[in-house]
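The structure appears right after this line, and notes come after that.
Derivation of every value follows stated rules applied to the coordinates shown; laboratory data play no part. The structure presented is a predicted model; accordingly, all values stated were derived computationally and were not measured. Here the Cβ positions follow ideal geometry from the backbone for every residue, glycine too, while neighbour counts run over all protein chains shown.
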Amino acid sequence: MTRDVASVNGSTPFRDVAEVLIAHRVSAVPVVDGEGHVIGVVSEADLLHKEEFREQYFGEGYHPPLRARLREHLGPQGGRTEEKAHGETAAELMTAPAITVRPYTSVVSAARIMDEERVKRLPVVDDEGRLEGIISRHDVLKVFVRTDDDIAREVRDDIVEGALWADTSGVHVRAARGVVTLSGQLARRSDVRILVRMTERVNGVIEVVDRLAWKEDDTPTWATT
């Protein structure tokens with residue numbers, strides 16, 4: 001996630017919200033209360049509703065775009081859309097409640113939420129709902145284009161050598177196009193299972209090829225069926 005996040009508060013005027021979006025070159029910003037809790041998100045689309053309903057400013061001769069009129073009459077958020085056209089502050093313009101994720105949310109889960117909710121970015125909040133950062137589609141994509149050297153290094157340093165309590169001196173790690181191959185030998189079969197599962201969770205890993213052997217099969221019968 002990006003930790004240096006541009007945000008506004010509920011009383012930020014329309015023009016100032018627009019200036020924040022332009023200055024930071026983003027399409028949306030979180031709206032926070034006085035204690036940093038995320039209460040909504042205001043986007044370019046929210047601001048553009050004023051353009052779509054400009055007849056209130058330009059008289060009866062102005063007709064908003066067809067897509068706006070259809071959304072107003074047929075869309076489930078039509079009424080709310082027109083309300084936003086009258087909004088003057090971030091609180092009146094924002095979409096609420098905000099769709100957020102936690103710092104420990106997996107990248108895959110964040111990507112799925114973005115797709116399901118049709119949003120381009122997600123505020124990252126702590127367990128109290130306070131803003132910690134923001135993750136965008138671009139951030140998600142960067143994870144899946146990590147170099148094989150980076151992936152292999154993380155698996156080797158953080159998991160094989162750092163996370164397992166077993167003797168892993170006989171384990172070898174190789175990564176090619178996001179596919180990690182684990183080979184060698186461990187003392188127990190349960191350690192092999194743990195190592196494979198943990199490797200699968202590393203960002204950028206597409207698949208894990210398990211070529212590990214073990215000396216002792218210590219897994220219960222129900223776990224192998």
For every other residue with a beta carbon closer than 11 angstrom to the beta carbon of Lys215, add +1 if it is Lys or Arg and -1 if Asp or Glu, then tell me the sum. -3
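Given R₀ = 41 Å, FRET efficiency for Arg130-Thr219 by Cβ-Cβ distance, to 0.05?
On the way: r = 42 Å, r/R0 = 1.03.
With R0 = 41 Å, the Cβ-Cβ based efficiency is 0.45.
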Compactness of segment 148-224, expressed as Rg and Dmax over alpha-carbon positions, Å: 12.0, 37
With r as the distance between the Cβ atoms of Lys120 and Glu88 and R0 = 22 Å, compute the FRET efficiency 1/(1 + (r/R0)^6) and round to 0.05. 0.35
What is the calculated FRET efficiency for Asp148 to Ser27, with r their C-beta to C-beta distance and R₀ = 45 Å, to the nearest 0.05? 0.90
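So what's the net charge close to Val38: Lys and Arg +1, Asp and Glu -1, counting the other residues with Cβ under 13 Å from its Cβ?
On the way: positive: Arg102, Arg121, Arg130; negative: Asp33, Glu35, Asp126, Asp127, Glu128, Glu132.
Neighbourhood net charge equals -3.
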Three principal axis extents, largest first, for the C-alpha atoms of segment 89-136, in Å? 34, 24, 14
